[in-house]
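Enquirer: Below is one structure. I have some questions about it.
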Amino acid sequence: MRMTRTIPYLLGAAVAATFPLFTGAYLQQVAVSTLIYLTLAVSWDMLLRSGQLGFGTAGFFGLGSYAAVLLVLNVNAHPFLSIAFGGLVAGAVALLVGLAVLRLRGMYFAITTLALASIFAVVLRNFPRLTGGPEGKMLPTCIYAGDTTKIYWLVLAVAVLTIVISEVFERTRIHLALTSIRNDERVAKSSGVNVFRYLVFVFAVTSAIQGIAGGTYAHVFGFVSPEGSFSANFLLLPLAMALLGGIHSTWGPVVGGLVLGALSEYLKLQIPYGHLLVYGAIIVVVTLFLPQGVSRMFKTWVRRSSVTRGVQ
Amino acid sequence: MTLLRTVPQKRVALLLVSLGIVILMMLWKPYALIEGLQRGGLYALIALPMALILGIVGIINLAHGEFMMLGAYFAYWLGVYFGIDPLVAMIPALAAFAILGSMTYFVTIRRALKAPELNQLLLTFGLAMVGMEFANLMWTSQPLKPHLSYVYSSMALGKLRFGTYAFIYTAAAIVLLVLLLLFLRRTRLGRAALAVGQNPRGARLVGIDIQRTYLLIFGLSIALVGAIGAMFLTRHSVFPSAGSPFTMKSFCLIAMAGMGNLPGVVWGGFALGVAEALVLSFRGYGGWADVVFFAVLVAVIMGRSYRRQTA
């Protein structure tokens, strides 16, 4: 039983690792952006598991991008170091912001975090000497001089790291604490869960992941700008992916991310302007009609059909 | 729901403080005061329908700014094809957006009324994205603006010369506030809506049709915000993401005023407008004006949570 269960994961890992060996630069590039969005989707869901709806994904993503690029430009740091620095900055800012806004719940938390992307963009735009103002900054070269195979492995490593952290969160006490906070905060508190500390911790960790994703993205494309790095797409796409795949799990957002990542490329070719309309529609339809997401629906369907087969 | 609660003492204090600030500003930076009242009028105007939906239907509509943006596009294209002035286009916009709002209510909001708050937020966020990307798809991200000569009218008061047209927002905000308060206090329908906002179950027990009330309030608010979009177009250009900052600023005003306090929303709008204009008036620091609302929002939130802890 245990063996058959691990087989799909091993297969998936094998395909993911060897993907560049039998595909060209175009498909690798598609995979790179898919994996970045997938990372954001998983990290967004990790916060959602505690019952807090955060809209800050794009904000921390952009912050990480800026931090990484500015570290390279100013002290000529190694790209890996700068990506880690991007995560560190995003995590530290999230910690500070979280200490204030995580005292709030529901719509207050959601909307304050929604405002974060534009606030960060305004703040960065107002230090033109450091950040290049509205034009942003460019890196002298992209990472690995634009070799898509190596870039793919780098981004894959970031995605795998995120999935591993997410699974650690799912399989340790953290999972119990977050689930109890989501179900009933008062009960969690009276059972000895330090609600506020857990929330700040998860908010900082997920934001750091978003910062790392942003730093990686900045190195892949070689530039940052207030409009581009804080684009609402870095919020919209991950949300649609996680919701479609199924929230409150690691694999839901992963499945949703892979499906929508492929779909996004097709749509981009079909309708270059406004193909994102589809993502908004996915969010609306999923929240209204499939709150469980597609992967869980598929699972229950499989279970149901295997049960009927067992009866025969 | 403290929609109609009157706190005379607090109100007098607020009035005196506002008056003091107005006099100070008049002496120190009169242009910032004028600009602030005009800006703030627009903020208050847009926030009022959102406060109405939140107070009575109990849903925070993150697509609020997008409806305003669509209203502006509606007025723009009416102007291009039929030569209608945006201010006249407010009337067809009112009708068209009443239909759009009712349809949105029927197809989406109605199904999420009993859902958890997080689902409602996700739903209206999705609607906002649909609205924004629809505009992107139809009209690209190119800013559009009709040419209107009357918006450049100005007048002189002593040494001061300033544009008068934008006071239309200030006036409209006050008129809309008075009309909404009259509607909620004096009409049967408005009182029923208020009762639903205070306690839906109790309202149903006394025979109020809740679904119809929700539909009415949602449709009315979207109709208003569509018409406000047409008015917005007279001074500002419209593009797909023109509306989203207003969603956030409107929410900031509602959080400042406290749920359901409509006059507070208008006061808050003026305060935010003047604060932004003041920041804009310092040379070299104007870029920070967009952060003011966030600072206010966080300050209000911190104040609230502090008060809750001590209470």
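Enquirer: Which numbered condition trips up B:A171, out of (1) more than 22 Å from B:L262 (Cβ to Cβ); (2) of a type in the set (G, A, S); (3) open to solvent by 40 Å² or more (accessible area, probe 1.4 Å)?
Expert: B:A171 satisfies all of (1) more than 22 Å from B:L262 (Cβ to Cβ); (2) of a type in the set (G, A, S); (3) open to solvent by 40 Å² or more (accessible area, probe 1.4 Å) except (1).
Enquirer: Just wondering, is there one or more residues in region B:154-166 that are modelled with pLDDT under 90, surrounded by 19 or more Cβ atoms within 10 Å (Cβ to Cβ) and more than 9 Å from chain A (Cβ to nearest Cβ)?
Expert: Yes, region B:154-166 contains at least one residue that is modelled with pLDDT under 90, surrounded by 19 or more Cβ atoms within 10 Å (Cβ to Cβ) and more than 9 Å from chain A (Cβ to nearest Cβ).
Enquirer: Next question, about the same structure. Checking the conditions here, which among A:R125, A:R129, A:R103 is more than 12 Å from chain B (Cβ to nearest Cβ) and of a type in the set (K, R)?
Expert: Testing whether each residue is more than 12 Å from chain B (Cβ to nearest Cβ) and of a type in the set (K, R) leaves just A:R129.
Enquirer: Regarding region A:267-276, can at least one residue be identified that is away from every other protein chain (no Cβ under 14 Å), among the hydrophobic types (A, V, I, L, M, F, W, C) and farther than 29 Å from A:V158 by Cβ?
Expert: no
Enquirer: Out of the residues in region B:211-224 that are of a type outside the set (K, R) and either touching a Gly at 6+ places or on another chain (Cβ under 8 Å) or surrounded by fewer than 17 Cβ atoms within 10 Å (Cβ to Cβ) (or both), state the one that is nearest to B:I91 (Cα to Cα). Write out each step before concluding.
Expert: Let us first name the residues in region B:211-224 that are of a type outside the set (K, R), namely B:211, B:213-224.
After this cut, where a residue has to be either touching a Gly at 6+ places or on another chain (Cβ under 8 Å) or surrounded by fewer than 17 Cβ atoms within 10 Å (Cβ to Cβ) (or both) as well, the list is B:211, B:218-223.
Numbers: B:Q211: 26, B:F218: 18, B:G219: 15, B:L220: 13, B:S221: 14, B:I222: 13, B:A223: 10 Å.
Going through the qualifying residues, I end up with B:A223.
Enquirer: Oh, and also: For region A:68-76, indicate whether the set of residues that are hydrophobic (A, V, I, L, M, F, W, C), within 14 Å of chain B (Cβ to nearest Cβ) and crowded, with 21+ Cβ neighbours inside 10 Å is non-empty.
Expert: As a first pass, look at region A:68-76 and keep what is hydrophobic (A, V, I, L, M, F, W, C): A:68-73, A:75.
The next check asks that each one be within 14 Å of chain B (Cβ to nearest Cβ); those that pass are none.
No, every residue in region A:68-76 fails to be hydrophobic (A, V, I, L, M, F, W, C), within 14 Å of chain B (Cβ to nearest Cβ) and crowded, with 21+ Cβ neighbours inside 10 Å.
Enquirer: Can you give me the number of residues within region B:88-114 that are open to solvent by less than 30 Å² (accessible area, probe 1.4 Å) and facing chain A (nearest Cβ under 9 Å)? Explain how you work it out, then say what you get.
Expert: Here is the first cut: in region B:88-114, the ones open to solvent by less than 30 Å² (accessible area, probe 1.4 Å) are B:89, B:93, B:97, B:101, B:104-105, B:108-109, B:112.
Retained after the next criterion (residues that are facing chain A (nearest Cβ under 9 Å)): B:108, B:112.
Number satisfying all stated conditions: 2.
Enquirer: Select from region B:119-130 the residues that are at the interface with chain A (Cβ under 8 Å from one of its Cβ atoms) and closer than 20 Å to B:V225 by Cα and list them in ascending order. Quick ask: steps written out before the conclusion?
Expert: From region B:119-130, those at the interface with chain A (Cβ under 8 Å from one of its Cβ atoms) are B:119, B:121-123, B:125-130; that's our starting set.
Across region B:119-130, the qualifying residues are B:L121, B:L123, B:F125, B:G126, B:L127, B:A128, B:M129, B:V130.
Enquirer: Given B:L42, B:L33, B:L54, which one is in contact (Cβ under 8 Å) with a residue 12 or more places away in the chain, closer than 30 Å to B:L160 by Cα and either in contact with a Gly (Cβ under 8 Å, 6 or more places away or on another chain) or surrounded by fewer than 14 Cβ atoms within 10 Å (Cβ to Cβ) (or both)? Give the steps one after another, and end with the answer.
Expert: On the way: B:L33 fails: either in contact with a Gly (Cβ under 8 Å, 6 or more places away or on another chain) or surrounded by fewer than 14 Cβ atoms within 10 Å (Cβ to Cβ) (or both); B:L54 fails: closer than 30 Å to B:L160 by Cα.
When all the criteria are applied, what remains is B:L42.
Enquirer: Give all pairs with beta carbons closer than 8 Å in which a residue from region B:182-198 that is on the phi < 0 side of the Ramachandran plot meets a residue that is open to solvent by 80 Å² or more (accessible area, probe 1.4 Å) and outside any helix (DSSP H, G or I); count only pairs at least 6 apart in sequence or on separate chains.
Expert: Between residues of region B:182-198 that are on the phi < 0 side of the Ramachandran plot and residues that are open to solvent by 80 Å² or more (accessible area, probe 1.4 Å) and outside any helix (DSSP H, G or I), the close pairs are B:L194/B:M1; B:A195/B:V206; B:G197/B:M1; B:Q198/B:M1.
Enquirer: Just need a number here: residues in region A:181-213 that are among the small types (G, A, S) and at pLDDT below 95. First the steps, then the outcome.
Expert: At the first step, the residues of region A:181-213 found to be among the small types (G, A, S) are A:188, A:190-192, A:204, A:207-208, A:211, A:213.
After this cut, where a residue has to be at pLDDT below 95 as well, the list is A:188, A:190-192.
Residues that pass the stated criteria total 4.
Enquirer: Continuing with this model, one more query. Yes or no: B:G71 among the small types (G, A, S), at pLDDT 95 or above and open to solvent by less than 60 Å² (accessible area, probe 1.4 Å)?
Expert: Yes: the conditions hold for B:G71.
Enquirer: Please indicate, with yes or no, whether at least one residue in region A:209-228 is touching a Cys at 6+ places or on another chain (Cβ under 7 Å), more than 12 Å from every other protein chain (Cβ to nearest Cβ) and not in a helix (DSSP H, G or I).
Expert: Taking every residue of region A:209-228 in turn, at least one turns out to be touching a Cys at 6+ places or on another chain (Cβ under 7 Å), more than 12 Å from every other protein chain (Cβ to nearest Cβ) and not in a helix (DSSP H, G or I).
Enquirer: Is there any pair linking a residue in region A:166-180 that is closer than 10 Å to A:S50 by Cβ and assigned to a helix (DSSP H, G or I) to one that is modelled with pLDDT of 90 or more and open to solvent by 70 Å² or more (accessible area, probe 1.4 Å), with Cβ under 7 Å and at least six apart or on different chains, and which?
Expert: What qualifies is A:S180/A:V187.
Enquirer: State yes or no: is B:T124 among the polar types (S, T, N, Q), open to solvent by 10 Å² or more (accessible area, probe 1.4 Å) and more than 26 Å from B:K145 (Cβ to Cβ)?
Expert: no
Enquirer: Checking the structure you have, find out if any residue of region A:82-97 is farther than 30 Å from A:T18 by Cα, in a helix (DSSP H, G or I), within 14 Å of another protein chain (Cβ to nearest Cβ) and in contact with a helix residue (DSSP H, G or I) (Cβ under 8 Å, 6 or more places away or on another chain).
Expert: Yes, region A:82-97 contains a residue that is farther than 30 Å from A:T18 by Cα, in a helix (DSSP H, G or I), within 14 Å of another protein chain (Cβ to nearest Cβ) and in contact with a helix residue (DSSP H, G or I) (Cβ under 8 Å, 6 or more places away or on another chain).
Enquirer: Of all residues in region B:222-256, which are of a type in the set (A, V, I, L, M, F, W, C) and within 14 Å of chain A (Cβ to nearest Cβ)?
Expert: Hits for region B:222-256 are B:F239, B:A242, B:F246, B:M248, B:F251, B:C252, B:L253, B:I254, B:A255, B:M256.
Enquirer: To continue, here is another question. For region A:242-257, give me each residue that is part of a helix (DSSP H, G or I) and closer than 15 Å to A:T162 by Cα.
Expert: Result: A:A242, A:W251, A:G252, A:P253, A:V254, A:V255, A:G257.
Enquirer: Do you know which of the residues in region A:212-231 that are within 13 Å of the chain's Cα centre (by Cα) and within 24 Å of A:G280 (Cα to Cα) is surrounded by the most Cβ atoms within 10 Å (Cβ to Cβ)?
Expert: A:G214
The values are calculated or read from the model by the stated rules, or taken from the named source; none is laboratory data. This structure is a prediction, so every number in the text was calculated from the model and none was measured. Ideal geometry is used to build each Cβ from the backbone, glycine not excepted, and the neighbour counts take in all protein chains shown. Areas reflect the complete protein model, heavy atoms only, side chains present, ligands, DNA and RNA absent. Shrake-Rupley method; radii C 1.70, N 1.55, O 1.52, S 1.80 Å.
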